[in-house]
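Trainee: Here it is, the structure, as structure tokens.
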Amino acid sequence: MRSLYISLVSEFYKSRKTLAFWAAIILPVLICGLIAFGFYTSADKVLKNNYPGLALWAQYSGAALNVMGMLILPFYVMFMAFSVNNIEHKNDTWKTLFTQPLNKFSIYAAKYLYAVMLLFICLLLFVVLTFATGYLLQVLVPKYTFNDYNPMLILTKFYSKLFLASLGILSLQFVLSLIWSDFLKPMGIGFIGTIMGIITANVGWKYAYLIPYSDPTLALRVTRAKGAKVEDFPIFTQEIWVSVIFAAAMFIIGYFILLKRNIK
């Protein structure tokens, strides 16, 4: 555990000035800020629809969820996974990294966990900022009905699904960035995979959930039992299980790839 902790701290200090690190903070602030600004400046148009609290929160939070789940999140995950390993590629420090008196698995696991932590922080900020800016809008535009419904549970469940559904993409891109040091190959494969995932998910292909790149889009399509509350939808649906299992398999494969790189 000590080796893992030291390695995690090292990853933070190495990447704290990179775009991948700051994007985890800037993306939610920028997107939630723009959506909040849009709802504030277009308040008259929104109020004409007479949305009850739940419907208003659905319109407001859905603006960020749909953009993140279908497009921005997969590309951010690809870029972030590349950036975590590119630090060593760019400085040619893989051999130096493994000469440290630390467990090799801890060094590898720390890199992977650091990438997972950046993803978690990004999505957590989306939950917090969506919730906070919604109530800020309620103060600025008292006629809004944000106060009529507490969206915290449903927001947490949606973003939890997005987080778990993104692990498959993260793990695959993480392994690709271990194999190739250049930017184009892993990002090119990720771009093609994302387009393919979006298309197969939107056309309703029954095996789309087996493609990791389609899982974030599918994760936003929730179903619930007839008569159940809107919050009562399952988190661990088939695309989530596929994503988690795929992530675990790629994590193991990536470790052996890194060991081989170390031998060379």
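Trainee: Can you find, among 28, 4, 208, the residue sitting farthest towards the positive end of the charge dipole of the chain, where Lys and Arg contribute +1 and Asp and Glu -1 at Cβ?
Mentor: 4
Trainee: If you don't mind, there's one more thing I want to ask. Which one, 179, 15, 243, is farthest towards the positive end of the dipole of the range 2-263 when Lys and Arg carry +1 and Asp and Glu -1 on their Cβ?
Mentor: Of the options given, the answer is 179.
Trainee: Next up: Stretch residue 241-residue 148 to full length: gain in nm at 0.36 nm per residue minus the Cα-Cα span? Present the calculation step by step, with values, prior to reporting the outcome.
Mentor: On the way: separation 93, 0.36 × 93 = 33.48 nm, distance 3.42 nm.
Answer, rounded to one decimal: 30.1 nm.
Trainee: Shifting gears a bit: Just in the range 1-85: which trypsin sites (Lys or Arg not before Pro) are loop by DSSP and have at most 12 other Cβ atoms within 10 Å? Provide the component values of the computation, followed by the final result.
Mentor: Values: sites: 2, 14, 16, 17, 45, 48; in loops: 16, 17, 48.
Of the trypsin sites (Lys or Arg not before Pro), the ones in loops of the range 1-85 whose Cβ has at most 12 other Cβ atoms within 10 Å are 16, 17, 48.
Trainee: Cα extents of the chain along the three principal axes, largest first, in whole Å?
Mentor: Dimensions of the chain along the principal axes of its Cα atoms: 66, 40, 34 Å.
Trainee: If I take every Cα pair under 8 Å that is 6 or more residues apart in the range 1-119, average their sequence separation and divide by the length, what percent do I get for the relative contact order?
Mentor: Numbers: 55 pairs, mean separation 67.1, N = 119.
Worked out over the range 1-119, it gives 56 percent.
Trainee: Expressed as a whole number of Å, what is the distance separating the alpha-carbon centroids of the range 97-134 and the range 1-59?
Mentor: 16
Trainee: List the relative contact order of the chain as a percent without decimals, with contacts defined as Cα pairs under 8 Å and 6+ residues apart. Mind showing how you got there, number by number?
Mentor: On the way: 298 pairs, mean separation 68.2, N = 264.
So the answer I get is 26 percent.
Trainee: By Kyte-Doolittle mean hydropathy of at least 1.6 and Cα axial length of at least 15 Å, which whole DSSP H helices of the chain are selected?
Mentor: Working: long enough: 2-15 (20 Å, 0.10); 19-41 (31 Å, 2.18); 53-67 (22 Å, 0.80); 73-91 (27 Å, 0.31); 104-140 (53 Å, 1.82); 152-179 (40 Å, 1.68); 184-202 (27 Å, 1.19); 238-263 (38 Å, 1.40).
Helices meeting the span and hydropathy rule in the chain are 19-41, 104-140, 152-179.
Trainee: Separate question: Relative to the Cα centre, what is the charge dipole magnitude of the chain, using +1 at the beta carbon of each Lys and Arg, -1 at the beta carbon of each Asp and Glu, and rounding to the nearest 20 debye?
Mentor: On the way: 22 positive and 10 negative charges, 83 e Å.
For the chain, the charge dipole is close to 400 debye.
Trainee: Further, regarding this structure: Count neighbours as other Cβ atoms within 10 Å of each site's Cβ, and list the trypsin sites (Lys or Arg not before Pro) in the range 77-157 that are DSSP loop with at most 12 such neighbours. Numbers along the way, then the final one.
Mentor: Working: sites: 90, 95, 104, 111, 143, 157; in loops: 143.
Answer in residue order: 143.
Trainee: Rounded to the nearest 500, what is the chain's calculated 222 nm mean residue ellipticity when only DSSP H runs of at least 4 contribute -39500 (n - 2.57) each, over all residues?
Mentor: Values: 11 runs with 196 residues, N = 264.
Here the helix-only value at 222 nm equals -25000 deg cm²/dmol.
Trainee: For residue 229, go through the lysines and keep the ones whose alpha-carbon is under 27 Å away, minus same-chain ones fewer than eight residues off.
Mentor: Counting by Cα, and skipping residues close in sequence, residue 229 has these lysines nearby: 48, 143, 157, 161, 206.
Any read-out appearing in this document is the output of simple, stated calculations on the displayed coordinates, not a laboratory observation. Computed from a predicted model, the values in this text were never measured in an experiment. Heads up, the Cβs are rebuilt from the backbone with ideal geometry, glycines too, and the neighbour counts pull from every protein chain shown.
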